[in-house]
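Colleague: Supplied in structure tokens, the structure appears directly below.
The values are calculated or read from the model by the stated rules, or taken from the named source; none is laboratory data. Note that the structure is predicted; figures quoted are calculated from it, not measured. Every residue, glycine as well, gets a Cβ built from its backbone with ideal geometry; the counts of neighbours run over all protein chains shown. The protein model used for the area step is the full one, side chains on, heavy atoms only, and it has no ligands, DNA or RNA in it. Shrake-Rupley method; radii C 1.70, N 1.55, O 1.52, S 1.80 Å.
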Amino acid sequence: SAASRCRVSELANDPAATAVLLTRGDTAALNARRVSIVGTRNATEHGRRTARRFGAELGEAGVTVISGLARGVDAAAHRGVLETSGSPVGVVASGLDVVYPPEHVDLWDAVATRGFLCSEAAPGTAPEAFRFPMRNRIIAALSEVVIVVESRLEGGSLITVREALQRGVTVMAVPGSTGTRSAEGTNMLIRDGAHVALGVDDVLTVLGMANRSEEHTSELQSRLHLVCR
């Protein structure tokens, strides 16, 4: 479907709200519970499998899965949710008519058909480097929970984490091997107070969709905010 101009209600009162958000697809996907799955483009095979599993299981639970549609973790998460009846949301850094990376053209089409794509960039806009950190604030603003699957110590995922913390969005991280560079960022987040995401049940608990204790939610989120600010 053609891109259309609209204001997404979840962004209207955001401290860094977009003037206009261009969308392709059906924004009704935002009516469900919303979780973003982010991580490194240089994901390991384990990281891609994990992201795909989280995407599929969240989709099966009726949770909308948000990502930036980048290579690696993002794409794997959306491929997972597309295996279910769940809704994906892609927040991209280029114009909606400029697919990036170019090999994701089919994935973009599938996300727009099942859920929706959005961008603050005008049609024809190239995926310039400075636009990616900017789009991360939109991912955070649309999310109730941000899950980091794999991240290096200085990655775009940590920008999304900072944006999430500024908005009071819960941050979760999947632990990885201490000897793996792609897990250094996620392990640091856990050390500094992020919720551990061993499986989708952990995420559903934070969302209040599972019957497990959430005693330490506020305490952990406060600790993480202090170390990431």
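Colleague: How high is the relative contact order of the stretch 51-94, in percent, counting Cα pairs under 8 Å that sit 6 or more residues apart?
Modeller: RCO, the stretch 51-94: 48 percent.
Colleague: Per DSSP helix of 4 or more residues, -39500 (n - 2.57); summed, then divided by the residues of the chain. What does that give at 222 nm, rounded to the nearest 500?
Modeller: That comes out to -11500 deg cm²/dmol.
Colleague: Oh, and also: Provide the solvent-accessible area of Glu144, counting protein heavy atoms only and rolling a 1.4 Å probe, rounded to the nearest 10 Å².
Modeller: 50 Å²
Colleague: Where the centroid of each part is defined by its Cα atoms, how far is the stretch 176-203 from the stretch 67-83 in Å?
Modeller: 19 Å
Colleague: How much of the DSSP bridge set in the chain is antiparallel, in percent, rounded to the nearest 5?
Modeller: Counting only bridges with both partners in the chain, antiparallel ones make up about 25 percent.
Colleague: Would you kindly state how much longer the chain becomes between Arg181 and Glu103 on full extension, computed as 0.36 nm times their sequence separation minus their alpha carbon distance, in nm to one decimal?
Modeller: Values: separation 78, 0.36 × 78 = 28.08 nm, distance 2.58 nm.
Full extension from Arg181 to Glu103 adds 25.5 nm.
Colleague: Expressed as a rounded percentage, what relative contact order does the stretch 30-183 have, with Cα pairs under 8 Å and six or more residues apart?
Modeller: Here the relative contact order equals 25 percent.
Colleague: Separate question: Output needed: percent of Cα pairs per 5 Å distance bin for the chain, bins running from 0 to the one holding the longest distance.
Modeller: 1, 8, 16, 21, 21, 17, 10, 4, 1, 0
Colleague: Could you give the size of the charge dipole of the stretch 35-143 about its Cα centre, using +1 on the Cβ of each K and R and -1 on the Cβ of each D and E, expressed in debye and rounded to the nearest 20?
Modeller: About 300 debye.
Colleague: Translational diffusion coefficient of the stretch 121-168 at 37 °C, 0.692 mPa s, Stokes-Einstein with Kirkwood Rh over Cα pairs, in µm²/s as a whole number.
Modeller: It diffuses with D of about 283 µm²/s by this estimate.
Colleague: Report the percentage of all Cα-Cα pairs in the stretch 60-167 whose separation exceeds 21 Å, rounded to a whole percent.
Modeller: 30 percent
Colleague: Tell me the angle of helix 131-142 to the major Cα principal axis of the chain, expressed in degrees between 0 and 90 and rounded to the nearest ten.
Modeller: Here the helix axis deviates by roughly 70 degrees.
Colleague: When a/c reaches 1.5 or more, the comparison of a/b and b/c decides; with that in mind, is the stretch 74-131 rounded, prolate or oblate per its Cα gyration tensor?
Modeller: Note, shape of the stretch 74-131 comes out prolate.
Colleague: Working only with C-alpha atoms, what are the Rg and Dmax values of the stretch 20-122, expressed in angstrom?
Modeller: Reported Rg and Dmax, both Å: 12.3, 37.
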